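Report on the structure given below.
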Amino acid sequence: MGFKCAPQLLGLTRNDPPKGQKHRANGGAILGEFGEFEEDSTNRNTHSDTYNPELSYLNRYLEGGRNGYAVWDEMVDRANNFRVKVKGKSHGKEIKCERKLPENAVIGFAMIINPPEEVCKDWTDDEYLRFYSDSFDAMHKICPEIFRLDNIRMMVEHFDEGLPPHSEKDRHMHWGGDCIDENGKYCGNKIDSKLLTRINKEYPKLMRDRGWDVDDLEVTDWKKYNKKMVGRDDEGHILKDENGKKVLVDNPDYDPEYRKAQYVKRKSAGRSVNKYNEDKAVENVKGVYQEAESVLSQARNLNNEVEEKREVNDKRSEDLEAWSYSVEERDSEVAGKENRVQKVLQIEARIRETVSQMTGKHYDEDTDLETVFFDFNQKMQEVRSKEQALYDENMRLKNEANTIIGLSNKLRDIASEVEAIKAMRDIGRIQFEASEIRTRVNNNISGRFKVTREVMQKGETILANAAIKSKDDEDSYE
């Protein structure tokens with residue numbers, strides 16, 4: 001199985017390129033970082049986060065010296081003095097005249113080739129130089145107008161930056177130069193997306209032809225990827241609006257599925273390079289993990305530095321006369337380094353103690369940190385599993401709670417209906433009792449009326465008898 005590698009290319013302009021313009025950069029800023037602040041300086045002019053000035057002495061300036069700004073100034077002077085012969089008209093007559101390069105013209109190139117460290121860690125110096133040479137030769141095959149040896153103005157191999165930082169095995173080559181073809185004409189406009197696509201397609205095969213096991217690279221089919229394209233008329237001329245801007249039209253070859261697939265690939269590639277150390281489910285553990293990694297890195301760096309200083313001190317002890325400082329100063333320096341060793345041991349102890357609190361295991365000073373971090377990662381996996389189980393259990397309980405709430409609502413509705421039925425039954429019972437009372441009252445009134453009528457009848461009879469008797473008595477008296 002081979003490896004993936006391709007040159008990274010930029011077109012250099014005299015000023016900052018317009019915002020949004022791709023594959024362009026300010027040449028002074030780029031070439032300035034190739035070299036050092038001054039000719040006699042050991043510090044390189046760079047803002048890289050992985051820059052290690054202690055390794056800058058290893059850098060090799062193979063062409064153009066150490067001052068990238070001076071090289072760029074010379075390139076700008078050549079471009080400013082260059083004239084293009086053009087034809088024009090004056091007073092109706094055809095004339096020949098000269099014209100300067102446009103201010104935003106690409107006058108130079110910057111290229112870097114950086115083979116992956118895991119592949120080239122065992123390469124010899126000759127193998128590195130052969131890989132660089134073959135790479136530039138392959139680029140010459142792809143675009144002979146630009147990548148010519150005559151165009152190279154600065155060539156630097158850096159050893160003092162890269163990932164992991166402070167690694168002497170991380171080395172890469174920079175080229176910087178003019179964009180002038182063999183006829184002496186500037187050709188920087190050839191650096192565009194089409195050229196970069198050609199590089200991705202052709203560079204791996206050209207390197208394989210030279211004996212390097214370089215894998216093919218993923219190349220985007222822009223005809224399928226772009227939604228819009230520059231419009232052209234029937235004769236193939238570019239369409240422009242009233243302001244002189246290119247008119248964009250719908251791309252008939254646009255494939256939304258292809259665009260989506262390419263987007264997913266790029267996102268996936270980005271995550272594989274810049275993957276997260278932890279996710280949100282273990283965010284409370286993430287801080288400890290990152291701190292432990294940082295401490296471990298510091299400890300390793302300190303160990304490496306101490307070992308290097310010890311080797312230097314061992315050599316110094318063999319010939320004290322070769323050094324300008326006293327034995328007392330050397331011992332003081334060694335003592336300082338020993339203090340740093342003690343600090344390393346303290347940091348390692350902190351790591352073991354922190355991981356021990358998390359895993360419940362005991363680690364003595366003889367336990368190597370690789371084992372400690374293996375246990376730590378195992379514990380993290382357990383935490384993730386438990387949190388996932390808790391999450392699943394919470395979801396189950398939530399679903400059951402929703403079911404219970406639904407049943408409770410149904411029971412509440414049934415209870416309301418029962419209360420309504422009970423109320424209706426109480427009303428019927430009250431109406432029945434009222435009817436009975438009404439019947440008893442009516443019966444009582446009827447009985448009393450009957451008695452009254454009988455008494456009245458008896459009274460009438462008595463009155464009638466009394467009247468008859470009174471009449472009889474009157475008749476007797478007469």
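Points worth noting:
- Residue in region 97-113 that is of a type in the set (D, E, K, R) and outside any strand (DSSP E or B) present: yes
- Options Asn301, Asn274: the member that is modelled with pLDDT under 80, within 23 Å of the chain's Cα centre (by Cα) and on the phi < 0 side of the Ramachandran plot: Asn274
- Considering Glu419, Glu382, the condition of being over 27 Å from Leu296 (Cα atoms), surrounded by 10 or more Cβ atoms within 10 Å (Cβ to Cβ) and among the acidic types (Asp, Glu) is satisfied by Glu419 alone.
- Across region 13-34, the qualifying residues are those that are touching a residue at least 12 places away in the same chain (Cβ under 8 Å) and part of a loop (DSSP other than H, G, I, E, B), and the one among them that is surrounded by the most Cβ atoms within 10 Å (Cβ to Cβ) is Arg14.
- Only a single item in (1) more than 36 Å from the chain's Cα centre (by Cα); (2) in a loop (DSSP other than H, G, I, E, B) is not met by Val76, and it is number (2).
- Failed item, numbered, when Leu10 is tested on (1) out of contact with any His (no Cβ under 8 Å at 6 or more places or on another chain); (2) within 20 Å of Ile112 (Cα to Cα); (3) outside any loop (DSSP other than H, G, I, E, B): (1)
- Qualifying residue in region 193-200 (condition: touching a Gly at 6+ places or on another chain (Cβ under 9 Å) and of a type outside the set (A, V, I, L, M)): no
- Lone qualifier among Met154, Met173 - being over 21 Å from Val214 (Cα atoms), in contact with an Asp or Glu (Cβ under 8 Å, 6 or more places away or on another chain) and either hydroxyl-bearing (Ser, Thr, Tyr) or in a strand (DSSP E or B) (or both): Met154
- Lone unmet requirement of (1) buried (at least 16 other Cβ atoms within 10 Å of the Cβ); (2) touching a residue at least 40 places away in the same chain (Cβ under 8 Å); (3) not basic (Lys, Arg) for Glu74: (1)
- Residues in region 204-245 that are small (Gly, Ala, Ser) and more than 28 Å from His140 (Cβ to Cβ): Gly231, Gly236, Gly244.
- When every residue of region 144-162 is checked against the conditions, at least one turns out to be surrounded by 18 or more Cβ atoms within 10 Å (Cβ to Cβ), over 23 Å from Gly11 (Cα atoms) and touching a helix residue (DSSP H, G or I) at 6+ places or on another chain (Cβ under 7 Å).
- Within region 208-219, residues that are under 9 Å from Phe3 (Cα atoms) sit with their Cβ atoms under 7 Å from residues that are in a loop (DSSP other than H, G, I, E, B), at 6+ positions apart or across chains, in these pairs: Asp213/Gly2; Val214/Gly2; Val214/Cys5; Asp215/Gly2; Asp215/Lys4.
The values are calculated or read from the model by the stated rules, or taken from the named source; none is laboratory data. Keep in mind that this is a model prediction, so the values were computed, not measured. We place every Cβ from the backbone using ideal geometry, glycine too, and count neighbours over all the protein chains shown.
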